[in-house]
Amino acid sequence: MIIKKEIKNGIEILYVKKDMTDEKLKKFINKKLKRNQIKTIITKDTDVYTEDGKLLLIFRKNILSKNAINDFYDNIIDFAHNETSNRGIASGSEIKRADLNPKIKSNIFGYFDNLAPMQKYKLKQKNIPVKLNVRECKFNRDFPEKYKKTLPLIKEIDEKYEKYTPDHYKLQKKKSDATPFKITGTSFTTITTNVNFQTHCHTDKGDDPEGFGNLCVIEQGEYDGGETCFPQYGIGVDVRTGDLLLMDVHQLHANLPIILKDKDAIRLSIVCYLRLNIWKKTQNITKKQAIKHNKTLKRNLEK
């Protein structure tokens, strides 16, 4: 619920209070949002604070460059269409067995703080111990040239992150600087891509609690919906191509249903963040040791 509005330097500033108690909010966890549960959708440059002055989100329109967006899309889209069943609560699953979870087009690249289930199985079958439970993701490992062409957009996002939320950025960048398992030249270790995926209500587990989430979207064809929302505050943001949303991902959030107006329309969302456990596990590891680990892991999995 919006309790105050003001304009500063051409930017709308909103202050919001909770529409529901924390206890009532628990009923939303793992549930899909409906449009009538969200009162306000933001479509222009806006900063949003909670009633106690805590930053909830910053939204900026058309600040990412077209060339970087196009290069990112062209080089990631085939990989982004891969299906997975490992998104847990965000995909609405309460099933612990990944093979029985809903299959959705949600993928990661960069680095992750756990081996994939199949990787663990292969190493166990070969009786190979895992000394460092951190991995280079498949996309940047197997498609280095395509990966390289995604970097300009990621670096642009990182620059905007530093500009708009410098305090959060500084704390996160200190961690990324301490590990070789990161997107070079940024404060991020990991990127998640989602294709036409309506997330259920969740918080982002494993992200740096001192950092902020970075979300952008690339559209192909026409669709309605998909707005990123915070149900406790009754507020959402319509993120479109070229926009950037900086958000507190530790608040419960989800996106609204995506309604395709063109049958082949695509809403590709891109989330950039730092995995806290990567920093915890690797802050004392050198770049040389990281390269050796990545090569050894790849070799053992390919045998």
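No value in this document is a laboratory result; all are computed from the given coordinates. As the structure is a computational prediction, the values presented were derived from the model and not from experiment. Reconstructed Cβ throughout: ideal geometry from the backbone, glycine too, with neighbour counts over all protein chains shown.
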key: Selection from 209, 104, 189 lying farthest towards where the dipole of segment 100-209 points positive, charges on Cβ   = 104
task = Rank the residues 296, 150, 192 as a footprinting-exposure proxy: fewest other Cβ atoms within 10 Å of their Cβ go first.
result = 296, 192, 150
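Mind running the shape call on the chain? Use the C-alpha gyration tensor, a ≥ b ≥ c as the square roots of the eigenvalues: rounded below 1.5 for a/c, prolate if a/b tops b/c, oblate otherwise. Intermediate results must be reported in sequence, preceding the final value.
Details: a/c = 1.62, a/b = 1.50, b/c = 1.08.
Taking the square roots of the gyration eigenvalues as a ≥ b ≥ c, the chain is prolate.
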key: Backbone HN-Hα couplings from phi across segment 179-192 [Karplus 6.51/-1.76/1.60, Hz, Gly and Pro as x]   = 10, x, 8, 7, 6, 3, x, 9, 9, 9, 9, 8, 10, 10
remark   = FRET efficiency (residue 300, residue 63; Cβ distance; R0 45 Å; to 0.05) is 0.55
ask   = Long-range amide H contacts for residue 223: which residues qualify at under 5 Å (H placed 1.01 Å from N, peptide plane, sequence gap of 5 or more or a different chain)?
value = 261
ask   = So how far apart, in nm, are the two label points at residue 52 and residue 18 if each is 7 Å from Cα heading toward Cβ?
value = 0.9 nm
note = Rounded to one decimal in nm, the spacing of the 7 Å Cα→Cβ label points at residue 3 and residue 170 is 2.8 nm
inquiry  = Between residue 222 and residue 184, what's the calculated FRET efficiency when r is the beta-carbon distance and R0 is 41 Å? Round to 0.05.
reply    = 0.70
request  = Would you mind checking which residues have amide H under 5 Å from residue 188's amide H? H placed 1.01 Å from N; only 5 or more apart, or other chain.
outcome  = 183
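Any chance you could run the full-extension gain for residue 126 through residue 84? It's 0.36 nm times the residue separation minus the Cα-Cα distance, nm to one decimal.
Contour length minus the Cα-Cα distance gives 12.6 nm.
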message = At 222 nm, what value in deg cm²/dmol follows for the chain if DSSP H runs of at least 4 each add -39500 (n - 2.57) and the sum is divided by all its residues, to the nearest 500?
response = -9000 deg cm²/dmol
